[in-house]
Amino acid sequence: MKKSVLSAMVVLLLLGVAAYAAFFVAPTDAKQGVIYRILYLHVASAWTGLTSFFICFIANLLYVLRRQPRWDWLGVSAGETGLVFTTVVLLTGPIWAHPVWGIWWTWDARLTSTFVLWLLYVSYLLLRTLVEEHDRRALLSALFGIFAFIDVPLVFGSIRWWRTQHPQPIIMGAPGSGLDPTMYKVLFFTWFAMLGLMTLLLRQRYRLEAMRGDLEIIQHGLEAA
Amino acid sequence: MKNLNSVFAAYMIGWTVFFVYYISISRRTMALRGEIERLKNSLNRGK
């Protein structure tokens with residue numbers, strides 16, 4: 001069996017187990033009831049998205065320092081993958097918020113900084129479509145990617161530094177905050193499964209970008225000949 | 001089981017986004033492979 005098919009099957013299995021645990025193993029929240037189960041998808045997607053943006057940031061830094069195309073390919077792949085996970089966060093958040101807060105959306109520090117993060121990485125990808133010459137495009141997008149990452153600590157700190165409608169942190173939060181031990185286990189398992197999905201998507205996307213890079217080199221060579 | 005529909009909707013939307021992205025990468029990869037093949041064939045014809 002091909003290695004990529006096998007890894008996709010392992011990731012699917014992990015995600016299936018995570019979904020089963022989120023619905024049938026984790027206890028129901030006494031205050032929120034069944035709606036809180038969105039937490040496992042919402043929070044795990046948020047953590048995975050931030051992990052992906054961190055990979056993008058490191059790749060962008062390495063591109064600026066070393067100017068090797070592979071760091072550009074990794075940067076754009078991680079940026080796009082992070083954007084997909086953040087899109088899921090922004091779509092599932094309002095579905096959870098509406099029955100609990102009575103509103104779909106509010107411009108508080110956490111929600112606004114996450115939306116800005118999403119816009120920054122959309123801009124990062126759009127910027128790449130505007131520059132033709134590949135070395136210049138790679139450098140400009142790496143510099144923009146480093147700038148975009150500044151918002152990540154703001155997203156992380158927003159619920160720690162300011163009073164927000166969004167709930168307070170469930171890890172590294174104030175004394176007395178947190179979750180039931182089973183809820184923690186299910187959440188961390190879901191995050192692990194999501195990291196598997198991120199790795200799978202990132203690898204596929206990197207291969208695509210590497211192929212695109214090779215094609216560009218061939219096309220430029222043909223044009224020059 | 002109040003709000004169970006909302007929980008299902010959130011999970012369905014989440015999985016759909018991931019699935020659509022996976023399909024989009026596969027389609028782009030196939031299109032690029034086609035482009036490389038086309039380029040190879042035109043190069044071979046030029047020889």
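Every number in this text was worked out from the coordinates using simple rules, so none of it is lab data. Values in this document were obtained by computation on a predicted structure and should not be read as measured data. Heads up, the Cβs are rebuilt from the backbone with ideal geometry, glycines too, and the neighbour counts pull from every protein chain shown.
Taking the Cβ-Cβ separation of A:Lys31 and A:Phe156 as r and a Förster radius of 22 Å, what is the calculated FRET efficiency to the nearest 0.05?
E between A:Lys31 and A:Phe156, to the nearest 0.05, is 0.35.
Cross-link partners among lysines for A:Lys31, C-alpha distance below 27 Å, same-chain residues fewer than 8 apart left out?
The qualifying lysines are A:Lys185, B:Lys2.
For segment A:43-185, place one equal point scatterer on every Cα, skip the solvent, and apply the Debye formula. What is log10 of I(q)/I(0) at q = 0.08, 0.14, 0.18 Å⁻¹?
Taken in order of the listed q values, log10 I(q)/I(0) reads -0.26, -0.70, -1.00.
For segment A:101-225, taking Cα atoms only, what is the radius of gyration to one decimal and the Dmax to the nearest whole Å?
Cα radius of gyration and Dmax of segment A:101-225 are 20.3, 69 Å respectively.
I need the semi-axes of the equivalent ellipsoid of segment A:1-109: take the C-alpha gyration tensor, multiply each eigenvalue by 5, square-root it, list largest first in whole angstrom.
32, 22, 9
Within 10 Å, count the other beta carbons around each residue, average over each peptide in A:74-84, B:22-32, and list them highest first.
So the peptides A:74-84, B:22-32, ranked by packing, come out A:74-84, B:22-32.
With the Cα gyration tensor of the protein assembly as shown in hand, convert its eigenvalues to equivalent ellipsoid semi-axes via √(5λ) and list them largest first in whole Å.
Taking √(5λ) for each Cα gyration eigenvalue gives 39, 22, 15 Å.
Can you tell which of A:Trp47, A:Trp71, A:Trp107 shows the greatest fluctuation in a Gaussian network model of chain A with Cα springs below 10 Å?
Most flexible of the set in this elastic network: A:Trp107.
Compute the angle between helix B:4-46 and the longest alpha-carbon principal axis of chain B, please, reported from 0 to 90 degrees and rounded to the nearest 10.
Tilt of helix B:4-46: around 0 degrees.
Students often check this: by mean Cβ neighbours within 10 Å, which of A:124-131, A:55-62 ranks highest, and how do the rest follow?
The peptides rank, most packed first, as A:55-62, A:124-131.
Let me confirm one metric for peptide A:190-203, namely the mean number of other chain beta-carbon atoms within 10 Å of its residues' beta-carbons.
The shielding value for this peptide is 1.
Take every residue in peptide A:34-43, count the Cβ atoms of other chains within 10 Å of its Cβ, and give the average of those counts.
The shielding value for this peptide is 4.
Mind checking the mean number of beta-carbon atoms from other chains within 10 Å of the Cβ atoms in A:87-94?
Mean number of neighbouring Cβ atoms from other chains: 4.
Among all helices in chain A defined by DSSP H, which have a length of 27 Å or more along the axis from Cα atoms plus a Kyte-Doolittle mean of at least -0.5?
A:38-66, A:69-101, A:109-130, A:181-224
Return the single residue from A:Ser45, A:Ser177, A:Ser113 with maximal mean-square fluctuation; model: Gaussian network over chain A, springs between Cα atoms under 10 Å.
Among A:Ser45, A:Ser177, A:Ser113, the largest mean-square fluctuation in the Gaussian network model of chain A belongs to A:Ser177.
Can you find, among A:Thr87, A:Phe189, A:Pro153, the residue sitting farthest towards the positive end of the charge dipole of chain A, where Lys and Arg contribute +1 and Asp and Glu -1 at Cβ?
Going by the charge dipole, the pick is A:Phe189.
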